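*Asks:* One structure coming up, written as structure tokens, with questions to follow.
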Amino acid sequence: MSNTKYILGSFADPDEMMHGIDKLQANNISIYDCFTPMPIHGIEAKLGVKPSRLPIAAFLFGATGTILGFSLLFYTMAYDWPMNIGGKPSMPLPNFVPVTFEVTILICALGMVATFFYRNHLFPGRAPRVMDLRATDDRFIIAVDARENTDHALIDNLLKEAGAVEVKYNERKYVSYE
């Protein structure tokens, strides 16, 4: 077991997995991560996951879109090629609102998609990072770092007591689909 990197507890039910998290934390065993085929309410708080910084990224992308949209209109309508159309001002701010709004939404949406792909390592040609392939189908997986937590027998017993269907010892961080 010296090559073991992760101990994986495989659960058939999300409630049993949450019970397993409680048992491990009650024994001061740190959990590396949990992998589930669907979102589970409250798991982030239980694992101590920090709140996402995506709203900050969305605001920055939106502000960039607003600046770009307004700059485009100002440059084309007032600076580069000002036209006197029926005596109207060359920089009519109320008329800039729809285009500026649309560019804001466009840049924000494209930026958030790019951030999502970057953050989740979803690059073209990259192999998926999955600890147990059944976590994408019907199993709920708790991964415990075996090098940080050296009492493997205790972890094995706690996971089985909580209702784990199977406990595996992984020697690699991720498995491949091949």
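*Asks:* Name the residue, out of Ala164, Ala114, that is at pLDDT 90 or above, in a loop (DSSP other than H, G, I, E, B) and either on the phi < 0 side of the Ramachandran plot or open to solvent by 30 Å² or more (accessible area, probe 1.4 Å) (or both).
*Replies:* Step by step, each of Ala164, Ala114 is checked, and only Ala164 is at pLDDT 90 or above, in a loop (DSSP other than H, G, I, E, B) and either on the phi < 0 side of the Ramachandran plot or open to solvent by 30 Å² or more (accessible area, probe 1.4 Å) (or both).
*Asks:* Pairs under 8 Å by beta carbon, first residue under 16 Å from Val167 (Cα atoms) and not assigned by the TED database to the domain that holds Asn157 in segment 11-37, partner of a type in the set (Lys, Arg) and crowded, with 20+ Cβ neighbours inside 10 Å, six or more apart or different chains?
*Replies:* Within 8 Å, no pair qualifies.
*Asks:* Also, quick follow-up: Anything in segment 76-112 that is more than 38 Å from the chain's Cα centre (by Cα) and among the hydroxyl-bearing types (Ser, Thr, Tyr)? List them, or say none.
*Replies:* Thr76, Tyr79, Ser90
*Asks:* Hey, can you tell me all the residues within segment 117-131 that are in contact (Cβ under 8 Å) with a residue 24 or more places away in the chain and open to solvent by less than 90 Å² (accessible area, probe 1.4 Å)?
*Replies:* Residues satisfying the conditions are Ala127, Pro128, Val130, Met131.
*Asks:* Continuing with the same structure: If we scan segment 44-61, do we find a residue that is acidic (Asp, Glu) and under 30 Å from Phe11 (Cβ atoms)?
*Replies:* Yes.
*Asks:* List the residue pairs whose Cβ atoms are under 6 Å apart, where the first residue sits in segment 132-153 and is open to solvent by 30 Å² or more (accessible area, probe 1.4 Å), the second is in a strand (DSSP E or B), and the two are 6 or more positions apart or on different chains.
*Replies:* Arg139/Ser10
*Asks:* Go through Ile105, Ile43, Ile56, Ile67 for me and flag whichever is more than 23 Å from Val130 (Cβ to Cβ), in contact (Cβ under 8 Å) with a residue 24 or more places away in the chain and out of contact with any Pro (no Cβ under 6 Å at 6 or more places or on another chain).
*Replies:* Testing whether each residue is more than 23 Å from Val130 (Cβ to Cβ), in contact (Cβ under 8 Å) with a residue 24 or more places away in the chain and out of contact with any Pro (no Cβ under 6 Å at 6 or more places or on another chain) leaves just Ile105.
*Asks:* Take the residues in segment 167-178 that are over 22 Å from the mean Cα position of the chain (by Cα) and open to solvent by less than 70 Å² (accessible area, probe 1.4 Å); name whichever of them is modelled with the lowest pLDDT.
*Replies:* Asn170
The values are calculated or read from the model by the stated rules, or taken from the named source; none is laboratory data. All of these numbers come straight from a predicted model, not from anything done at the bench. Positions of Cβ are backbone-derived with ideal geometry, glycine not excepted, and every protein chain shown enters the neighbour counts. Side chains included, ligands, DNA and RNA excluded: accessible areas come from the protein's heavy atoms. Shrake-Rupley method; radii C 1.70, N 1.55, O 1.52, S 1.80 Å.
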